[in-house]
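A quick write-up on the structure given underneath.
The values are calculated or read from the model by the stated rules, or taken from the named source; none is laboratory data. Just so it is clear, the structure is predicted and the values come from calculations on it, not from any experiment. Positions of Cβ are generated from backbone atoms using ideal geometry, with glycine treated the same way; all protein chains shown enter the neighbour counts.
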Amino acid sequence: ATLDLPDDVMTRINDCFNLLDFEKAARERLPSPLFHYISGGADDETTKSANTSSFDRYHLTPAFLRDIRKVDMRRTVFGVDLAWPVMLSPTGLTGVFHPDGERAVAQAAASSGVAYSLSTMATTSIEDVAAAARGPKIYQLYLLKDDAANIEMIDRCKAANFDVLCLTVDTVVAGNRERDHRTGLTVPPRLNRRNIVGFARRPAWCLRYLAGGGVSLPNIPAGDGNQNLGTLAAYFAANMEQNITWSRVERLMRHWGKPFIVKGLQSVADARNAAASGVTGIVVSNHGGRQLDGGAATVDLVANMVDAVGDRLEVVLDSGVRRGSHVVKALAMGARACMIGRPYLYGLSAFGKPGVERVLGLLRQETERTLGLIGCASVDEVSRRHITPADRLP
Ligand code: FNR
């Protein structure tokens with residue numbers, strides 16, 4: 001007998017049993033240009049797809065007959081205490097998807113015991129996020145051409161007691177996200193010939209968005225054209241620093257004076273340069289496949305990067321993580337933690353803060369269950385012995 005469950009339409013939060021379900025739920029709620037802005041990747045989206053599917057290239061190998069009555073998932077990463085080894089990646093424009101925006105996400109992260117990352121392109125200010133959520137906070141810096149503006153952002157983060165500064169380096173030019181061209185996405189959202197049908201089909205979002213008063217980008221210091229970005233590509237070309245050097249990184253790091261990480265590295269050579277510059281950590285990331293298409297899945301890169309620099313800095317894996325088993329595979333390769341981006345945005349878009357909480361609750365349960373299933377009583381017990389390339393037998 002079939003269960004006869006609706007598996008394509010996720011209208012209620014309790015119909016979502018894993019992170020992929022939230023993508024379907026968000027698709028139901030968001031105007032299509034916004035859904036595709038979150039979901040899309042660059043060019044042919046090969047790297048985006050590979051990020052998740054490449055986790056299947058590795059098998060978990062259990063080690064049984066061990067005491068797993070209590071599974072300890074706590075870990076300190078970049079000097080920050082996590083209840084379990086996940087952090088939320090920075091995402092711009094979060095307030096466009098739901099009026100509770102970054103505050104709701106930061107609060108959900110704090111109650112789940114994970115770190116929240118606030119983007120330079122966020123719709124809520126550094127100060128308002130600090131006031132809204134007590135948990136560990138990372139500020140993600142996009143280096144702007146205007147260095148006074150960069151220093152101003154860093155000083156605001158110091159004053160607001162952020163824990164970690166994260167410099168994203170894979171966005172010196174904007175990736176080619178063709179879904180956005182097709183759907184007529186603009187920032188902030190404005191009606192045009194291409195997107196009018198997509199918005200008209202989601203009146204609930206339109207009313208909520210208008211009631212929320214639209215968006216601004218309060219972390220970018222004045223003078224950087226933070227209203228009416230038009231297309232993201234044009235904004236990036238005009239404002240992003242396209243000459244980030246390691247000596248510039250070292251100067252920023254000294255000015256910050258607390259844990260400092262670089263996000264977006266994809267090679268052993270760059271990992272070695274990062275270690276030489278003395279950063280606290282790196283995030284192996286391809287921006288969820290939204291920037292360079294044709295690069296490797298991060299799960300295929302992380303083990304070699306850990307082997308090269310893992311004794312000198314902490315390595316975190318980002319991009320494509322959708323299951324607790326993915327988190328555990330990354331840990332087995334030596335990553336200290338994982339970051340997730342799209343899944344929490346889907347939870348927020350569909351259901352607000354409770355959606356983000358459920359996304360995190362499900363991923364946490366999956367991670368804990370997977371640890372138990374491979375016979376590990378703590379995250380520190382997970383090692384290379386627990387992972388095998390899929391074309392070899394354990
Ligand atoms: C992002 N990402 C991102 N990264 C960053 O450093 N600064 C930013 O402002 C943004 N903005 C942003 C917006 C949206 C809508 C998405 C989906 C992503 C990338 C993000 O931090 C992270 O690297 C990816 O989302 C990770 O991949 P998954 O988990 O989405 O597959």
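Answer yes or no: is there a residue in the range 70-83 that is within 14 Å of the ligand (Cβ to nearest atom) and either more than 30 Å from F199 (Cα to Cα) or surrounded by fewer than 24 Cβ atoms within 10 Å (Cβ to Cβ) (or both).
As a first pass, look at the range 70-83 and keep what is within 14 Å of the ligand (Cβ to nearest atom): none.
No, there is no match, as no residue in the range 70-83 is within 14 Å of the ligand (Cβ to nearest atom) and either more than 30 Å from F199 (Cα to Cα) or surrounded by fewer than 24 Cβ atoms within 10 Å (Cβ to Cβ) (or both).
Results for (1) among the aromatic types (F, W, Y); (2) more than 14 Å from the ligand (Cβ to nearest atom); (3) out of contact with any Gly (no Cβ under 9 Å at 6 or more places or on another chain), shown as yes or no for each residue.
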| residue | (1), (2), (3) |
| --- | --- |
| K263 | no, no, yes |
| R272 | no, yes, yes |
| S277 | no, yes, yes |
| G281 | no, yes, yes |
| R290 | no, no, no |
| G295 | no, no, no |
| T298 | no, no, no |
| A303 | no, yes, no |
| A308 | no, yes, yes |
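So is A115 more than 16 Å from the ligand (Cβ to nearest atom) and aliphatic (A, V, I, L, M) or not? For A115, the condition - more than 16 Å from the ligand (Cβ to nearest atom) and aliphatic (A, V, I, L, M) - is not met.
The residues on offer are L5, L93, and the sole one that is within 18 Å of the chain's Cα centre (by Cα) and modelled with pLDDT under 95 is L93. Among residues of the range 374-389 that are closer than 14 Å to V327 by Cα and crowded, with 21+ Cβ neighbours inside 10 Å, those with a Cβ under 6 angstrom from a residue that is modelled with pLDDT of 95 or more and among the polar types (S, T, N, Q), sequence gap 6+ or separate chain, pair up as H386/T61. Of all residue pairs spaced 6 or more apart or on separate chains, those with beta-carbon atoms under 9 Å, a first member in the range 158-183 that is within 22 Å of K145 (Cβ to Cβ) and outside any helix (DSSP H, G or I) and a second member that is hydroxyl-bearing (S, T, Y) and more than 14 Å from the ligand (Cβ to nearest atom) are A174/T231.
Among the residues of the range 369-376, at least one is of a type in the set (S, T, N, Q) and part of a helix (DSSP H, G or I). Among the conditions (1) more than 13 Å from the ligand (Cβ to nearest atom); (2) surrounded by fewer than 18 Cβ atoms within 10 Å (Cβ to Cβ); (3) part of a loop (DSSP other than H, G, I, E, B); (4) in contact (Cβ under 8 Å) with a residue 12 or more places away in the chain, the only one that R193 does not satisfy is (4). Counting only residues that are more than 14 Å from the ligand (Cβ to nearest atom) and surrounded by 19 or more Cβ atoms within 10 Å (Cβ to Cβ), which one in the range 161-188 is modelled with the lowest pLDDT? Out of the qualifying residues, it is G184.
Only one of these is over 29 Å from C166 (Cα atoms) and either within 15 Å of the ligand (Cβ to nearest atom) or buried (at least 23 other Cβ atoms within 10 Å of the Cβ) (or both): P90, P31. Name it. I'd like the intermediate steps shown before the answer.
Values: P90 fails: over 29 Å from C166 (Cα atoms).
Result of the check over P90, P31: P31.
Taken together, K263, K258 contain a single residue that is of a type in the set (K, R), within 22 Å of the chain's Cα centre (by Cα) and either over 21 Å from L93 (Cβ atoms) or surrounded by fewer than 14 Cβ atoms within 10 Å (Cβ to Cβ) (or both), which is K258.
Could you look through the range 319-346, keep only residues that are part of a helix (DSSP H, G or I) and either under 13 Å from the mean Cα position of the chain (by Cα) or closer than 21 Å to T46 by Cβ (or both), and pick out the one that is farthest from the ligand (Cβ to nearest atom)? Show your work before the answer.
Within the range 319-346, the first condition is being part of a helix (DSSP H, G or I), and the residues that meet it are 324-332, 342-346.
Within this subset, residues satisfying the condition of being either under 13 Å from the mean Cα position of the chain (by Cα) or closer than 21 Å to T46 by Cβ (or both) are 326, 329-330, 342-346.
Details: H326: 10, K329: 15, A330: 12, R342: 3, P343: 6, Y344: 9, L345: 6, Y346: 9 Å.
Out of the qualifying residues, it is K329.
The residue that is nearest to the ligand (Cβ to nearest atom), among those in the range 35-46 that are among the hydroxyl-bearing types (S, T, Y) and within 18 Å of E23 (Cβ to Cβ), is Y37.
Among the residues of the range 272-291, is there at least one that is of a type in the set (K, R), under 20 Å from G40 (Cα atoms), within 20 Å of the chain's Cα centre (by Cα) and not in a loop (DSSP other than H, G, I, E, B)? Can you show your working first?
Within the range 272-291, the subset of a type in the set (K, R) is 272, 290.
Now drop any that are not under 20 Å from G40 (Cα atoms), which leaves 290.
Restricting the remaining residues to those that are within 20 Å of the chain's Cα centre (by Cα) gives 290.
Now narrow it down to the ones that are not in a loop (DSSP other than H, G, I, E, B): none.
No, the range 272-291 has no match at all.
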